[in-house]
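The values are calculated or read from the model by the stated rules, or taken from the named source; none is laboratory data. Because the structure is predicted, anything quoted here is derived from the model rather than measured. Virtual Cβ from ideal backbone geometry, glycine too; neighbours counted across all protein chains shown. What goes into the accessible areas is simple: the full protein's heavy atoms, side chains included, and nothing from ligands, DNA or RNA. Shrake-Rupley method; radii C 1.70, N 1.55, O 1.52, S 1.80 Å.
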Amino acid sequence: MKQMDLMGWLFLFLGLPLILLLTLPLISMTTEPSAAMLKETIADKDVVAAIARSISLSLCAAGLAFIMGTPLAYLLARKELPGKRLLEGIIDLPIMIPHPVVGIAILSLAGRNHPIGHFLSDVGIQIMGTKTGIICVLLFVGLPFYINTVKSGFDSVPVRLENASRTLGAGALTTFIRITFPLTWRHMILGIIMCTARAISEFGAVVIVAYHPMTAPVMIYERFTAFGLKYSQPIAVWLIFISFVLFVMLRMLSKSIHPYNR
Amino acid sequence: MISLHHINLHLPDFSLTDIHLQVHRHDFFALIGPTGSGKSLLLEGIMGIMPFTSGILLSDGRDITRFPVEKRNLALVYQDFALFPHLNVFKNTLYGTTFHNISKKEAGQRFTYLVSALGLEKIVHRYPHNLSGGEKQRVALARSLILNPQVLLLDEPLSALDPVFHDEARQLLKKVHKELRMTIIMVSHNFDEVLYLANRGAIIKGGRIMHQGDILSIFEKPDSRFTANFVGMKNIMPYHLNGSSLQITGTRLEIIPHCPPDPAHQYMGIRPENILFHIPGNPVCKNHFTGKIKDIASCGVFLRVQLETQGVMFEAVWPAAHIKQFRLETGKTAAFGFPSVAVHTF
């Protein structure tokens, strides 16, 4: 690691306002609620259920991203598909569009007036006001983070390794399972973390598709509008704390597996 | 053993064109060519990684042109060895055995033999990132040889190695070829290693085979200016026949060849190491001259000497000891010559 020189100090000085912008509100928010208030909040069954719902539904969305997004990321990394650039653009779209628009778009598709909504209703799948709807929204907003992270993982595995596996007698799918997957699954864990993190924080789209059952961000918003800052802060602190612990655990898991990366 | 007939492979920016090649059983066959000539692409085509656009590839008389990579019973060792970084040496070496219906007992026996033959005993539990270049090469060879492939393909096997491992690796490849009686196709752009290892070969340029045959014959009797240049032949000059001797175009210099050249030939060439230093007044070759030393440049333990006689420049490679002993230096005259058999026309 290089010692800080004059240029390093100058750049740190320029970047300092950003660091403060990120840390001060968080420090203020997490230190303001008293211990008694935090204890009282976590004893509230509705709060625990909302936080658990946020995390579990976000993990569900990340799980779906893993199952369906991994093959798609592989295709984008390895194959020349017709309209590949267009597809990559479409995958990045949820990062750019306002989140309430996402909610409205999903609702318009799932409404009874749309053939897809009609079909879903016929087979008993409800989107509006259900966990399914929330997962759908969370997958929508989290997918670009998963796909892009995993795609860069596949990009980092030399094609030569896959070819070498084929020359040794392994078929294409076996090569994927025995060579490509073990070499990229840290990226998949990272993708799951990114996708989950994005999903846990989602409010704008969720509030349109499903105000109830209530996720933690919706509950924070509701407590803020109904009772003020004091009552919304402790939920936010618990959400941040639990999410932080979860992500640290996932990161540790991904670090501990590969002896060749020590 | 391996025959390629009318092989074409078209990529957007490069093509292999009308390739004919014959590799015999137990050959150590070298595909030689400059960078970008298509030799590695041809190797990948034979392996099936880059499917040929047209043509026929036969292995032991069987058409394998459309066989998938894993069904060809060929093995490829990459330039950088392509060891799987998440598997240790043991698992890397045994990787392919599960796909070839090799029983565990048989795989174990082959593994034990290869570990001993290739000196892998101390590294079987190491991961690739803890191996030297030479060790990686041995593991990559073991990983392919354990499958007992019909043909072993080597993509520039020595170019990724430090000079320290070069000699050791060359000897290892020679040993593998000799002891296991393998058929090997090797890609290389280094004629020194090809001369040491291969018995037959082909020169490839711009996706076309320029010359194929016995390695010594390619080296000593190239059939084109390109091949002559590529294999290090110097003193390449146009000539015309003057009775039984060759007169260098534009000069009065005459050279006596070993046998009458083909009337279609236009150029002659002499390898620089075949131009010999003569003690003045004691010529030992039929073709002998006295010339002025125009330049002396070092090329390792030998010196590259430029000699001018009758307006013709010759390049010779002489031991540094000669230069020192006879006090040769730029501007002085020197007697030199070459035997008639060293004169090659094409």
*Out of all the residues in region B:199-229, which are in contact with a Ser or Thr (Cβ under 8 Å, 6 or more places away or on another chain), among the small types (Gly, Ala, Ser) and surrounded by 21 or more Cβ atoms within 10 Å (Cβ to Cβ)?*
B:Gly207
*Assess whether A:Ser156 counts as being in contact with a Lys or Arg (Cβ under 7 Å, 6 or more places away or on another chain) and either within 14 Å of another protein chain (Cβ to nearest Cβ) or surrounded by fewer than 18 Cβ atoms within 10 Å (Cβ to Cβ) (or both).*
no
*Looking at region B:129-138, which of its residues are within 14 Å of another protein chain (Cβ to nearest Cβ), touching a helix residue (DSSP H, G or I) at 6+ places or on another chain (Cβ under 7 Å) and either modelled with pLDDT of 95 or more or open to solvent by 10 Å² or more (accessible area, probe 1.4 Å) (or both)?*
B:His129, B:Leu131, B:Lys136
*Is there a residue being in contact with a His (Cβ under 8 Å, 6 or more places away or on another chain), more than 14 Å from every other protein chain (Cβ to nearest Cβ), over 18 Å from A:Arg166 (Cα atoms) and modelled with pLDDT of 95 or more anywhere in region B:58-68?*
yes
*Please enumerate the residues belonging to region B:241-253 that are within 33 Å of the chain's Cα centre (by Cα) and open to solvent by 70 Å² or more (accessible area, probe 1.4 Å).*
B:Leu241, B:Thr249
*Would you point out which residue out of A:Leu16, A:Leu81, A:Leu86, A:Leu22 is in a helix (DSSP H, G or I) and open to solvent by less than 100 Å² (accessible area, probe 1.4 Å)?*
A:Leu16
*Name every residue in region B:70-106 that is assigned to a helix (DSSP H, G or I) and facing another protein chain (nearest Cβ under 9 Å), in order of residue number.*
B:Glu70, B:Lys71, B:Tyr95, B:Gly96, B:Thr97, B:Thr98, B:Phe99
*What number of residues within region B:161-195 satisfy the criterion of being among the hydrophobic types (A, V, I, L, M, F, W, C) and either in contact (Cβ under 8 Å) with a residue 60 or more places away in the chain or closer than 19 Å to B:Met1 by Cβ (or both)?*
10
*Restricting region B:284-322 to residues that are in a strand (DSSP E or B) and within 19 Å of B:Ser245 (Cα to Cα), which is farthest from the chain's Cα centre (by Cα)?*
B:Thr290
*Filtered residue count, region B:150-169, keeping only those that are open to solvent by less than 10 Å² (accessible area, probe 1.4 Å) and either assigned to a loop (DSSP other than H, G, I, E, B) or of a type in the set (Lys, Arg) (or both)*: 2
*asked:* I'd like to check something: does region B:231-245 contain any residue that is at pLDDT below 90, of a type in the set (Ser, Thr, Tyr) and not in a strand (DSSP E or B)?
replied: yes
*Does B:Ile185 qualify as being under 30 Å from B:Ser340 (Cα atoms) and either among the basic types (Lys, Arg) or at pLDDT 90 or above (or both)?*
no
*Per-region count, region B:31-48, residues open to solvent by less than 30 Å² (accessible area, probe 1.4 Å) and in contact with a Lys or Arg (Cβ under 9 Å, 6 or more places away or on another chain)*: 8
